[in-house]
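The values are calculated or read from the model by the stated rules, or taken from the named source; none is laboratory data. These figures come from a predicted structure and were not determined experimentally. Note that we place each Cβ from the backbone using ideal geometry, even for glycine, and neighbour counts take in every protein chain shown. When the accessible area is computed, the model is the full protein with side chains, heavy atoms only, and any ligands, DNA or RNA have been set aside. Shrake-Rupley method; radii C 1.70, N 1.55, O 1.52, S 1.80 Å.
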Amino acid sequence: MSGHSKWATIKHKKAALDAKRGNKFTRLIKEITIAARNGGDPDGNPRLRTAITAAKNESMPADNIKKAVMRGTGELEGGQIDEIMFEGYGPGGAAVLVNVATDNRNRTVSEIRHVFSKNGGNLGEQGSVAWMFERKSQLVIEKDKAGEDQLMDIALDAGAEDLRGDEDQWTVLSAPESHYAVLNAIQKAGIPTVQAEITMVPKNLIKLEGKSASGMLRLTEALEEHDDVQNVCSNFDVDEKELEALAGR
């Protein structure tokens, strides 16, 4: 299975754990604020449009979204947030990318380094693992919501690059600039998406089992629980049955 679809599967099956985090709105607000630095009009700012869509999907109040945009554009105070991409390795040698948004760079660097070391990983230098990933539009769809031929026709006609599947879901991959065209085409066909994001996806996978697999999941969960972490990507592969057992523990 491809790195793209397997990591999407891992994130989807960890959704129950992710949903328990109380800082989901905080992450979304930070992303809107950062994105709005490049302009407060969503029509002319794709990243802002993506962030606002994600916030609306989580039922964030319109006033919260408006204030986050205004902080980003400088109309309100409180928009001083640094965006940092950490690179490192987890148990078993899996590569990890951690996107962070913080108002205190020194504190966050120290804390992220501690999370890595405490959970069997180590923080690397800039450029140490980023080359193992590529920036893509990634849409995840449950298999019972669309057939392969139907989805392929819709997605490829709209500009998607590939359609990949596993036991439970389809993953539609596109260039970042084609994200909205593909997403809109799928939504117009009445097909719901589980995930719709522009993210870093692994080019290849590293197989993990046993302690390395459980340790890697603990590391990603510990990183995701940090208040400043916006997103975590990795290139580890885990057997389906083992993944389900670990994700449900």
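Details
- Search result, residues across the stretch 180-194 that are closer than 13 Å to Lys145 by Cβ and either touching a strand residue (DSSP E or B) at 6+ places or on another chain (Cβ under 8 Å) or among the acidic types (Asp, Glu) (or both): Ile186, Ile191, Pro192, Thr193, Val194
- Filtering the stretch 46-60 to residues that are among the polar types (S, T, N, Q), in a helix (DSSP H, G or I) and open to solvent by 60 Å² or more (accessible area, probe 1.4 Å) leaves only Asn57.
- Residue in the stretch 173-185 that is modelled with pLDDT under 90, closer than 30 Å to Asp43 by Cβ and of a type in the set (Phe, Trp, Tyr) present: yes
- Of residues in the stretch 105-124 being polar (S, T, N, Q) and assigned to a helix (DSSP H, G or I), the one farthest from Glu221 (Cα to Cα): Asn106
- Pair list, Cβ < 9 Å and 6+ apart or interchain, from the stretch 104-119 residues that are in contact (Cβ under 8 Å) with a residue 12 or more places away in the chain to residues that are part of a helix (DSSP H, G or I) and open to solvent by 70 Å² or more (accessible area, probe 1.4 Å): Val115/Glu225; Asn119/Arg218
- Residue in the stretch 91-98 that is buried (at least 18 other Cβ atoms within 10 Å of the Cβ) and over 22 Å from Thr199 (Cα atoms) present: yes
- Yes/no for Asp153 being open to solvent by 10 Å² or more (accessible area, probe 1.4 Å), part of a helix (DSSP H, G or I) and more than 15 Å from Ser137 (Cβ to Cβ): yes
- Filtered by the rule that a residue be more than 19 Å from Thr102 (Cα to Cα) and either at pLDDT below 85 or outside any helix (DSSP H, G or I) (or both), the stretch 26-42 gives Gly39, Gly40, Asp41.
- Considering Gly127, Gly159, the condition of being at pLDDT below 95, more than 17 Å from Gly88 (Cβ to Cβ), part of a loop (DSSP other than H, G, I, E, B) and not hydroxyl-bearing (Ser, Thr, Tyr) is satisfied by Gly159 alone.
- Any chance Ile81 is closer than 21 Å to Glu197 by Cβ, in contact (Cβ under 8 Å) with a residue 40 or more places away in the chain, under 21 Å from the mean Cα position of the chain (by Cα) and open to solvent by less than 50 Å² (accessible area, probe 1.4 Å): yes
- Among the residues listed as Asp43, Asp63, the single one being surrounded by fewer than 18 Cβ atoms within 10 Å (Cβ to Cβ), without any contact (Cβ under 8 Å) to a residue 12 or more places away in the chain, more than 15 Å from the chain's Cα centre (by Cα) and closer than 23 Å to Val182 by Cα: Asp43
- Residue check for Leu139: crowded, with 18+ Cβ neighbours inside 10 Å, under 30 Å from Asn122 (Cα atoms) and aliphatic (A, V, I, L, M): no
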